[in-house]
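Contents: one structure, followed by commentary.
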Amino acid sequence: MIEFMSIIRAIFGLALLPALASAASQPQQLSAIMTFESKVLSSEGVEKQTRFQERFIRDGRNVWTVRLLPAGTPPHVHQAGDHQHKHDTNFVLAAKWIALDAQQKAQLKFVRQETKTIITPRTEEFAGLGFDGSWEHAAYLLDRSALQQMRVLSKPAPAGCQWYERSGDKLYTRVLWDQAWQLPRQIETGSLDGLSFNRISIERRPMPATMPWRTLAGYRAVAYEDLLD
Amino acid sequence: MKKTLLAALFVSAFAQPSLAAGEAKNVIFFLGDGMGPATVTAARIYKYKEEGELNMEKLDGKTRTARVKTFSNDAQTTDSAPSMSAYMTGVKMNNEVISMSPDTKPTKPNGKDSACAANNGKPVDTILELAKAKGKAVGAVTTTTVTHATPAATYAHICHRDAENAIAAQAAVGGLGYNSKLGDGLDVLMGGGWQFFRPTGASGVRTDGRDLIAELQAKGYTYAASGSQLAAVDGKNTSKLLGLFNKSHLSYELDRVKGKLDEPSLKDMTLKAIEVLAKKPEGFFLMVEGGRIDHALHGTNAKKVLDDTIAFDDAIKAALDEMQKRDPGLKNTLIVVTADHDHTMTINGYGKRGSNILGTVKDYKTGAESKDVNGNNYTTLVFGNGPNRKPVRSNLLEGDADKSQVLHDDYQQETGVRLGSETHGGGDVMLFATGAGVASKTFKGTIDNTKVFSLLKSAYGF
Ligand SMILES: [Zn+2]
């Protein structure tokens, strides 16, 4: 979530608008894979590329994202001292579970399968952990009202989809929005000089038989504050 | 026998002309958790500009500043348990250990319950316990849980800092697991962490079913659970005060103020503690910790670091002013301000004087953005390690519209090595002291952290 949300925010942060009646919105059930890619050419002539994928599952009240590890991913390294008091506060590989509570407020939890723990931060800690608290951003990956401020492109798009663009003096953002899914299929951003490029591609997948947040029996609750030394 | 003692006294007095001889009736020990020299400098620039001074730096005309070596018994870079314990007991112990002998091995607890074996090391006396034994009033206040390593090192003894249920029990007067060296108990204990005082059935995490808050109230403690409840406590007519203002740690100062949370500031707690403790004719010992400076540093969030450091510095100012009223010239009051260890935050060059310490580096000649070899700007404050190391660096925006912009409340400074949580640093820390005549002048030069204990002890004349 940290990387993912900060990418989304970096794209839309320039003109964040109040979320569209976020409490009332009930997104449809959907399961997808998100692919994040970036490419940049440095002034020392080095081209750097990155790529990673995350699973995205949502229903009307929950959004679950988790990193997908390609075959051959080296085992992840626990920091020295993990087994003493220096607790692991690296949540990159934990599932991020954002759920609406009874007050229609989005609550963030990290779920660690390997230790069967659910880590709950306080609301004030959300932003520091990469979640801005917006259900709209979590469930739709962007602020849908921001699309209204963008230019509609005549670029060919799949049925039910539409390309939008916003461009400044140096940077551009393009979104391929799927009206039925209520989710982007593609978000592209980059510099107009072509030196840097980022893309998030979203492909639909079948729904899992059981929603992942319904498989947490026996998990232990841990307060995020208790992980701080 | 008498003759030998006198001779020994004379010789040692002669050899060390500035040896303190018990001028201090009261000691207030301020501990900024993780507040290394770069944090002090950055906080100074943040609030008072380059040419200004923090309140802690004004102590005794800046002449009583020492450097403290912080290594622990087993580690080049310490954690807060043995470093605070060294200040409080004069003994160097292993990382994770709280005020125990050097042979004590840390044993990871079961949840929050102690798993320390009975023969695993021995408790060593703390300066707070010694002060209590001399009839002084004693207390500890913090912005973390009151059972966290730093406050725990003043009043508890345990083989592992994470056993916070057992640490809480050591403060519960007369109950199972009580630290009898505390006599009739701590006179003041304030901070966060009520979960360690309540049973699991009452939203706490105690597995023994005890409600330590009720137990302490039965022993005559006044209990405050919020900032407004604390404000309503009449310190002049209170001799035992327990304040637990959050289930876990108190909020960061930035969040407390912005969210108008009903938690006391460190200054509020410090002043109330003095009001309660200073009534005792024999004097008092008070420990005040700015505990979340360390947490913000671990998250490489410099803005919260600096706001919590300023809140800590404001508590020092309030205590100085209050004690000047009660003890003009601080003749009998020693005030010490230090940190338990450093962090890996550092200050990049070559910024223009007057530029925002939280911002990007502006060339001191041209005022233009300084750039890295790839043409991207960078912030003045960065960390040796921590969570924010991007696969590819990019240009930074000096705004606060969202978390990716460097002036945002939740911006995380960039780091050299990527770790989930930033580590402590192994560098020396600063110590400032004032008051109690010659006593504060004994803190000078580069000293070991264990030496601080013996200087406190001789300041009291113990
Ligand atoms: Zn720490």
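Report whether or not A:ARG185 is open to solvent by 60 Å² or more (accessible area, probe 1.4 Å), within 15 Å of the chain's Cα centre (by Cα) and away from every other protein chain (no Cβ under 14 Å). It is true that A:ARG185 is open to solvent by 60 Å² or more (accessible area, probe 1.4 Å), within 15 Å of the chain's Cα centre (by Cα) and away from every other protein chain (no Cβ under 14 Å). Hey, any hits in the stretch B:368-377 for a residue that's away from chain A (no Cβ under 14 Å), away from the ligand (no atom under 16 Å from the Cβ), under 29 Å from the mean Cα position of the chain (by Cα) and modelled with pLDDT of 95 or more? Within the stretch B:368-377 (the criterion being away from chain A (no Cβ under 14 Å), away from the ligand (no atom under 16 Å from the Cβ), under 29 Å from the mean Cα position of the chain (by Cα) and modelled with pLDDT of 95 or more), the answer is no, since none of the residues qualifies. If the condition is being within 30 Å of B:SER394 (Cβ to Cβ) and either within 14 Å of chain B (Cβ to nearest Cβ) or within 16 Å of the ligand (Cβ to nearest atom) (or both), then the stretch A:200-229 contributes A:TYR224, A:LEU227, A:LEU228. I'd like to know if the stretch B:98-115 contains one or more residues that are over 15 Å from B:HIS341 (Cα atoms), open to solvent by 60 Å² or more (accessible area, probe 1.4 Å) and in contact with a strand residue (DSSP E or B) (Cβ under 8 Å, 6 or more places away or on another chain). Scanning the stretch B:98-115 turns up no residue that is over 15 Å from B:HIS341 (Cα atoms), open to solvent by 60 Å² or more (accessible area, probe 1.4 Å) and in contact with a strand residue (DSSP E or B) (Cβ under 8 Å, 6 or more places away or on another chain).
Going through the stretch B:318-331 one residue at a time, which ones are assigned to a helix (DSSP H, G or I) and closer than 12 Å to B:THR434 by Cβ? Residues satisfying the conditions are B:ALA319, B:LEU320, B:MET323, B:GLN324, B:GLY329, B:LEU330.
Kindly establish whether A:GLU54 is among the charged types (D, E, K, R) and assigned to a strand (DSSP E or B). Here the answer is yes, as A:GLU54 does meet what is asked.
Considering only residues in the stretch B:323-343 that are within 16 Å of the ligand (Cβ to nearest atom) and more than 14 Å from every other protein chain (Cβ to nearest Cβ), the one that is surrounded by the most Cβ atoms within 10 Å (Cβ to Cβ) turns out to be B:ALA339.
Checked against (1) closer than 21 Å to B:GLU289 by Cβ; (2) within 14 Å of chain A (Cβ to nearest Cβ), B:LYS108 passes all but condition (1). Within the stretch B:71-80, is even one residue away from the ligand (no atom under 16 Å from the Cβ) and either modelled with pLDDT under 95 or part of a loop (DSSP other than H, G, I, E, B) (or both)? Yes; the residues of the stretch B:71-80 include at least one that is away from the ligand (no atom under 16 Å from the Cβ) and either modelled with pLDDT under 95 or part of a loop (DSSP other than H, G, I, E, B) (or both). The condition of being in a helix (DSSP H, G or I), assigned by TED's automatic domain parsing to the domain that holds B:LYS260, under 26 Å from the mean Cα position of the chain (by Cα) and surrounded by 17 or more Cβ atoms within 10 Å (Cβ to Cβ) holds for only one of B:GLN229, B:GLN195, that being B:GLN195.
Of the listed requirements (1) crowded, with 22+ Cβ neighbours inside 10 Å; (2) in contact (Cβ under 8 Å) with a residue 60 or more places away in the chain, B:ALA169 misses just one: (2).
Among the numbered conditions (1) at pLDDT 50 or above; (2) more than 8 Å from every other protein chain (Cβ to nearest Cβ); (3) within 30 Å of B:ALA81 (Cβ to Cβ), the only one that A:ASP82 does not meet is (1). Give the residues of the stretch B:263-279 that are within 14 Å of chain A (Cβ to nearest Cβ) and surrounded by fewer than 19 Cβ atoms within 10 Å (Cβ to Cβ), sorted by residue number. Matches in the stretch B:263-279: none. Among the residues of the stretch B:10-40, those that are open to solvent by 40 Å² or more (accessible area, probe 1.4 Å) and modelled with pLDDT of 95 or more comprise B:LYS25, B:PRO37.
The criterion of at least 2 residues that are more than 16 Å from the ligand (Cβ to nearest atom) and open to solvent by 30 Å² or more (accessible area, probe 1.4 Å) is met by the following strands (runs of 3 or more DSSP E) wholly inside the stretch B:393-462: B:415-418, B:445-448. The residues in the stretch A:24-49 that are facing chain B (nearest Cβ under 10 Å) and surrounded by 14 or more Cβ atoms within 10 Å (Cβ to Cβ) can be counted, and the count is 6.
Determine if the stretch B:137-144 includes at least one residue that is in a loop (DSSP other than H, G, I, E, B) and either within 21 Å of the chain's Cα centre (by Cα) or more than 21 Å from B:THR238 (Cα to Cα) (or both). No, the stretch B:137-144 contains no residue that is in a loop (DSSP other than H, G, I, E, B) and either within 21 Å of the chain's Cα centre (by Cα) or more than 21 Å from B:THR238 (Cα to Cα) (or both).
Looking only at residues of the stretch B:302-322 that are within 16 Å of the ligand (Cβ to nearest atom) and touching a His at 6+ places or on another chain (Cβ under 9 Å), we find that the one that is nearest to the other protein chains (Cβ to nearest Cβ) is B:LYS304.
Cβ-Cβ distances below 7 Å connect the following pairs, each with a first residue in the stretch B:286-300 that is open to solvent by 10 Å² or more (accessible area, probe 1.4 Å), a second residue that is among the polar types (S, T, N, Q) and more than 10 Å from the ligand (Cβ to nearest atom), and a separation of six or more residues or different chains: B:GLY299/B:GLN412.
The values are calculated or read from the model by the stated rules, or taken from the named source; none is laboratory data. Just so we're clear, the structure is a prediction, and the values are computed from it rather than from any experiment. Note that each Cβ is placed from the backbone with ideal geometry, even for glycine, and that neighbours are counted across all protein chains shown. For accessibility, only protein heavy atoms count, side chains too; no ligands or nucleic acids. Shrake-Rupley method; radii C 1.70, N 1.55, O 1.52, S 1.80 Å.
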